[in-house]
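As structure tokens, the structure follows; a few thoughts come after it.
The values are calculated or read from the model by the stated rules, or taken from the named source; none is laboratory data. As the structure is a computational prediction, the values presented were derived from the model and not from experiment. Don't worry about glycine lacking a Cβ; one is built from the backbone with ideal geometry, like all the others, and counts go over all protein chains shown.
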Amino acid sequence: MSAIYFTVVAVALYFVSDKLLQLVEAQAGRRFEYRTLIFFVILLTLALITFSFIQELTGVS
């Protein structure tokens with residue numbers, strides 16, 4: 001069951017990261033040169049935080 005949680009959260013985090021990057025770019029008024037790298041950092045940070053939280057809730061090691 002935890003695999004389903006991780007998969008659903010991963011898909012949601014992908015869209016959240018994309019939206020967050022778009023918002024930051026809109027605030028800056030331009031598209032960033034290293035957009036892919038910034039997207040990766042946002043996604044990785046959110047995934048590490050969220051996945052560790054899911055592990056604590058489900059008790060998966």
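When the stretch 25-45 is filtered for residues that are aliphatic (A, V, I, L, M) and surrounded by fewer than 12 Cβ atoms within 10 Å (Cβ to Cβ), the ones remaining, listed by number, are ALA26, ALA28, LEU37. Just one of the numbered conditions (1) surrounded by 14 or more Cβ atoms within 10 Å (Cβ to Cβ); (2) touching a residue at least 24 places away in the same chain (Cβ under 8 Å); (3) not small (Gly, Ala, Ser) is not true of LEU21: (2).
Every test in (1) surrounded by 14 or more Cβ atoms within 10 Å (Cβ to Cβ); (2) at pLDDT below 95; (3) not polar (S, T, N, Q) is passed by LEU57 save one, and that test is (1). Contact map, the stretch 38-61: first residue without any contact (Cβ under 8 Å) to a residue 60 or more places away in the chain, second residue surrounded by 12 or more Cβ atoms within 10 Å (Cβ to Cβ) and among the charged types (D, E, K, R), Cβ cut-off under 8 Å, separation 6 or more or different chains; pairs are PHE39/ASP18. Considering the stretch 27-58 alone, what residues qualify as being of a type in the set (Gly, Ala, Ser), assigned to a helix (DSSP H, G or I) and over 9 Å from the mean Cα position of the chain (by Cα)? Within the stretch 27-58, ALA28, SER52 qualify.
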